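Worksheet: one structure, shown below.
The values are calculated or read from the model by the stated rules, or taken from the named source; none is laboratory data. Just so it is clear, the structure is predicted and the values come from calculations on it, not from any experiment. Because the Cβ atoms are built from the backbone with ideal geometry, glycine has one as well, and the counts that use them run over all protein chains shown. Side chains included, ligands, DNA and RNA excluded: accessible areas come from the protein's heavy atoms. Shrake-Rupley method; radii C 1.70, N 1.55, O 1.52, S 1.80 Å.
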Amino acid sequence: MKYWTSEHTFNEPWETVVQAVTRKYPNPINSSVVAVDVIDRRVDNRGTLRSHRLLTTLWSVPETLMKLVGMSNQAHVSEHSVMDPRKRTLTMNSRNLTLNNKLNVDEKITYHPDPSDPKKTVLRHEAMVTVSGFPMMTGYLEGMVTSTIASKAQQGLQGMDYVIQQIKEEAINLNQMKHKKTTL
Amino acid sequence: MESISPECQGLKEKYDKCFNAWFRDKFLKGSRHDSCAPLLKSYQQCVKKALKEQGIKLWEGHETLGTDKEKRPPKNG
């Protein structure tokens, strides 16, 4: 088992960042995510938004590992999220559905306001990688998958920045439209 | 964005459009009434059928996520 964690601070308030999370795909930077479906979504009696999404991705595992286990290039991931707009927290847990008898990738991502500046948002990303069935190579394979996750996470941040920019531009346009309406 | 099944694409697009506006203009501003629920229902039914056909088994998640049972640091004492 290999554990990986990373933290990043966005210079945007939580409300903007979580909008970008829900609208992150498609974006030209993270083109390996080819489909996103909402399996279930509801507002519970505590006022939190609970979602279950299915992500279909072009598998980012290194080619050597793909050949070794003889898998197709599409992989599915279940992602459960809980969003509390009062506390301004978003927690997402995800797990791979493809090939999960040999490889388990459990990820947890949280978004919350920066304690030192509520106008910023902290992303914390944790991943647990477990490879089984390759006793002599476990450490090597887990290391390989973990470094893939790290580089994908970096690309994910770039994708987020791209979508955040789009949302900000939309907000400006919406405001301008409202302004025009009221001045007509 | 694509759906896992081309059959569900139209339903997905209608729902996503509704959700994005609801999320930005209602949910983040304090409203809890989910006005997109009817659109979600027909889209969901389509996706569930596609999952069955493609033999995809979902992960039901950690039951305690976001509830009081979620793992928390121990209290004092």
Identity of the residue in the stretch B:1-52, more than 7 Å from every other protein chain (Cβ to nearest Cβ) and closer than 16 Å to A:Gly47 by Cβ, that ends up surrounded by the most Cβ atoms within 10 Å (Cβ to Cβ): B:Trp22
task: Please go through the stretch A:147-175 and pick out each residue that is of a type in the set (Ser, Thr, Tyr) and in contact (Cβ under 8 Å) with a residue 40 or more places away in the chain.
output: A:Thr148, A:Tyr162
- request: Take the residues in the stretch A:32-48 that are open to solvent by 30 Å² or more (accessible area, probe 1.4 Å) and free of Cβ contacts under 8 Å to residues at least 24 places away in the same chain, then tell me which one is farthest from the other protein chains (Cβ to nearest Cβ).
  value: A:Asn45
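Without any contact (Cβ under 8 Å) to a residue 24 or more places away in the chain, among the charged types (D, E, K, R) and farther than 22 Å from A:Val17 by Cα: which single residue out of A:Lys178, A:Lys108 fits that description?
On the way: A:Lys108 fails: farther than 22 Å from A:Val17 by Cα.
Of A:Lys178, A:Lys108, the one residue that is without any contact (Cβ under 8 Å) to a residue 24 or more places away in the chain, among the charged types (D, E, K, R) and farther than 22 Å from A:Val17 by Cα is A:Lys178.
Answer yes or no: is there a residue in the stretch A:16-29 that is under 19 Å from A:Tyr162 (Cβ atoms), in contact with a Ser or Thr (Cβ under 6 Å, 6 or more places away or on another chain) and at pLDDT 95 or above.
Here is the first cut: in the stretch A:16-29, the ones under 19 Å from A:Tyr162 (Cβ atoms) are A:16-29.
Add one more test, that the residue is in contact with a Ser or Thr (Cβ under 6 Å, 6 or more places away or on another chain), and what stays is A:17.
In the following step, the residues that additionally are at pLDDT 95 or above were identified as A:17.
Checked against the condition, which is being under 19 Å from A:Tyr162 (Cβ atoms), in contact with a Ser or Thr (Cβ under 6 Å, 6 or more places away or on another chain) and at pLDDT 95 or above, the stretch A:16-29 yields at least one hit.
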- prompt: Pick from the stretch A:2-34 the residues that are touching a Lys or Arg at 6+ places or on another chain (Cβ under 9 Å) and in a strand (DSSP E or B): which of them is farthest from A:Ser132 (Cα to Cα)?
  reply: A:Phe10
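Where in the stretch A:75-184 are the strands (runs of 3 or more DSSP E), entirely inside, with at least 3 residues that are more than 29 Å from A:Asp44 (Cβ to Cβ)? Spell out how you get there, then give the answer.
Working: elements: A:89-96, A:103-114, A:117-131.
Answer list for the stretch A:75-184: A:117-131.
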statement: Note on the stretch A:89-107: residues open to solvent by 40 Å² or more (accessible area, probe 1.4 Å), more than 10 Å from every other protein chain (Cβ to nearest Cβ) and either under 22 Å from A:Val38 (Cα atoms) or not charged (D, E, K, R) (or both) are A:Asn101, A:Asn104, A:Glu107
task: Kindly list, by first and then second residue, each pair from a residue in the stretch B:1-29 that is touching a residue at least 40 places away in the same chain (Cβ under 8 Å) to a residue that is of a type in the set (Ser, Thr, Tyr) and open to solvent by less than 40 Å² (accessible area, probe 1.4 Å), limited to pairs with Cβ atoms under 6 Å and residues at least 6 apart or on different chains.
output: B:Ile4/A:Thr56
message: Take the conditions over 15 Å from the mean Cα position of the chain (by Cα) and either open to solvent by less than 50 Å² (accessible area, probe 1.4 Å) or free of Cβ contacts under 8 Å to residues at least 12 places away in the same chain (or both) and apply them to A:Leu141. Does it pass?
response: yes
query: Looking only at residues in the stretch A:53-74 that are away from chain B (no Cβ under 11 Å) and modelled with pLDDT of 85 or more, which one is farthest from A:Pro118 (Cα to Cα)?
result: A:Leu58
